[in-house]
Amino acid sequence: MDRRFFPAATMLLSMFSAVLVAAETPLWKAGMVRINITPREPLWMAGFAARHRPAEGKLHDLWIKILMLEAADGHRGLIVTSDLCGISKTTYETVCKELKRRCGLTRAQIKFTYSHTHSGPALRECLQDYYPWDEAARERVTRYTLALEQSVVEHVCDAAARMEPVTVWATQGTADFGVNRRNNRESRIDELLASGEPLKGPVDHRVPLLVVRGRDGRLKALVFGYACHTSMLALYQWSGDYAGFAQIALEERYPGVQAMFYQACGGDQGAMPRGTIELARKNGLKLATAVQEALNQPMRPVAPTLKTAFAFVPLPFERVMTAEDLKNFPNKNAHYQRWAKRMLKRLEAGETFPTSYPYAVQVWNLGGRQLWISMGGEPVVDYSLKAMKMFGPTTWTNGFTHDLTAYIPSRRVWEEGGYEGGYLGEYGLPAMRWTPDVEDRITACVERLVEQVR
Ligand SMILES: [Zn+2]
């Protein structure tokens, strides 16, 4: 080889091999889309039984955000985050059935999450006894929910049609405002904080973060979780609570990015003090800053492989309600009386209540190393702390996915009793408590699914 051409030839060769590597390196693909779901007509807000009328205006818009991921072998995983308090089993089933028909997605591939904001719209059959609806209000809710279900399916198809090559990264940040609401009295919180005494009870302050970048390195999506009830605001204006403020802040800091929040295992976690827009905004900014700080640290690249598994685990009820129980139900709160009346009507119409509930559990393995466990309802924080011990410290676990089943206590919380230990009737179930082995049953199911994706 002529030495004069050698440097140029080498450069050409290395450029050629760089192109080859880029072309041959398997990549993820991703498609994203968002839906503005701010109601245009006066609808009831979800999550509190104490509201007396529909919403009046908004603090900010409400969104459903969709991210379809596709591994190098073509296997897809759908992440939906939403400014919703929860969805009923009927909505979950409807969306799954339509996504199967339209896009070929199975339950194992569908991660439909809700931030659990208590300032989003009430949906059909979800916490329905909370609200003193008349026929017209119920009809409006049904109409809105049906349109929302259809819109999600349409937009998932849209996202699936816009897939482009991306890289995916995993990391985590931390934010300290989540408080164990069972172990710290809200009325004493200012006093407790001022005393410098540490707050009590288990918490999970991690902010798990999945980052999607375009081939040019530009940020495209930030999917982040946190374990803390989005019930800081009990106003009559639509909002995503602190999580809404966090997503807005991130989308302002990183123009063009889709910021997607999901609720982790926050069944027994809350923010204190709360009650004002300023406090919700402050925690939202704290969470956004946690994400920003995590982004500035080195991240783990996630190889473009995806394994997904799903199962329904039957969770038995401790004692199924009889007509006699319902006629003499001791809790005289209006929403319990509405529930008892509705359930009694079902029994009188000849229905037999089931003795257990099919609880939805899903496990993903991204890149061979990142486990992501997603469960229905409102699991308490013990579930995520346990999963880290069992499967490693980078394991992500969230509730508030699939249908809003009910509170999901650990054995500890079940034995302690209290609000998160039972109260299944609030969710329209025909019982007040699970059997005490609820945690064992879920753990066994998660272990089985983790085996399947490893
Ligand atoms: Zn809740």
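The values are calculated or read from the model by the stated rules, or taken from the named source; none is laboratory data. Because the structure is predicted, anything quoted here is derived from the model rather than measured. Cβ sites come from the backbone with ideal geometry, for glycine too, and all protein chains shown count toward neighbours. These area figures cover heavy atoms from the full protein model, side chains too; ligands, DNA and RNA do not enter into them. Shrake-Rupley method; radii C 1.70, N 1.55, O 1.52, S 1.80 Å.
A few points about this structure:
- Enumerated helices (runs of 4 or more DSSP H) restricted to region 271-384, each holding at least 1 residues that are farther than 26 Å from Pro255 by Cα: 323-327, 334-348
- Candidates in region 308-341 are the residues that are surrounded by fewer than 17 Cβ atoms within 10 Å (Cβ to Cβ) and basic (Lys, Arg); of these, the one that is farthest from Pro165 (Cα to Cα) is Lys327.
- Taken together, Gly77, Gly120 contain a single residue that is in contact with a helix residue (DSSP H, G or I) (Cβ under 6 Å, 6 or more places away or on another chain) and under 22 Å from Glu154 (Cβ atoms), which is Gly77.
- If you go through region 401-431 and pick out every residue that is touching an Asp or Glu at 6+ places or on another chain (Cβ under 9 Å), aliphatic (A, V, I, L, M) and either modelled with pLDDT under 95 or farther than 21 Å from Gln263 by Cα (or both), you end up with 1.
- Among residues that are within 16 Å of the ligand (Cβ to nearest atom) and open to solvent by 10 Å² or more (accessible area, probe 1.4 Å), Ala271 is not included.
- Positions within region 244-268 being assigned to a helix (DSSP H, G or I), touching a Gly at 6+ places or on another chain (Cβ under 7 Å) and either hydrophobic (A, V, I, L, M, F, W, C) or within 16 Å of the ligand (Cβ to nearest atom) (or both), in sequence order: Phe245, Ala246, Ala249
- Hits in region 225-261 - residues which are over 26 Å from Glu41 (Cα atoms), surrounded by 24 or more Cβ atoms within 10 Å (Cβ to Cβ) and of a type in the set (Phe, Trp, Tyr): Tyr226
- Of all residues in region 75-128 being open to solvent by 10 Å² or more (accessible area, probe 1.4 Å), more than 16 Å from the ligand (Cβ to nearest atom) and assigned to a loop (DSSP other than H, G, I, E, B), the one that is nearest to Tyr144 (Cα to Cα): Arg124
- Test for Leu192: is it open to solvent by less than 20 Å² (accessible area, probe 1.4 Å) and at pLDDT below 95: yes
- Some residue of region 290-304 being closer than 30 Å to His52 by Cα and open to solvent by less than 10 Å² (accessible area, probe 1.4 Å): no
- Apart from one condition, Arg162 fits all of (1) part of a helix (DSSP H, G or I); (2) more than 21 Å from the chain's Cα centre (by Cα); the exception is (1).
- Search result, residues across region 345-393 that are open to solvent by 10 Å² or more (accessible area, probe 1.4 Å) and among the β-branched types (Val, Ile, Thr): Thr352, Thr355
- Residue check for Ala264: crowded, with 19+ Cβ neighbours inside 10 Å and farther than 23 Å from Trp372 by Cα: no
- Test result for Val291, hydrophobic (A, V, I, L, M, F, W, C) and farther than 29 Å from Gly422 by Cβ: yes
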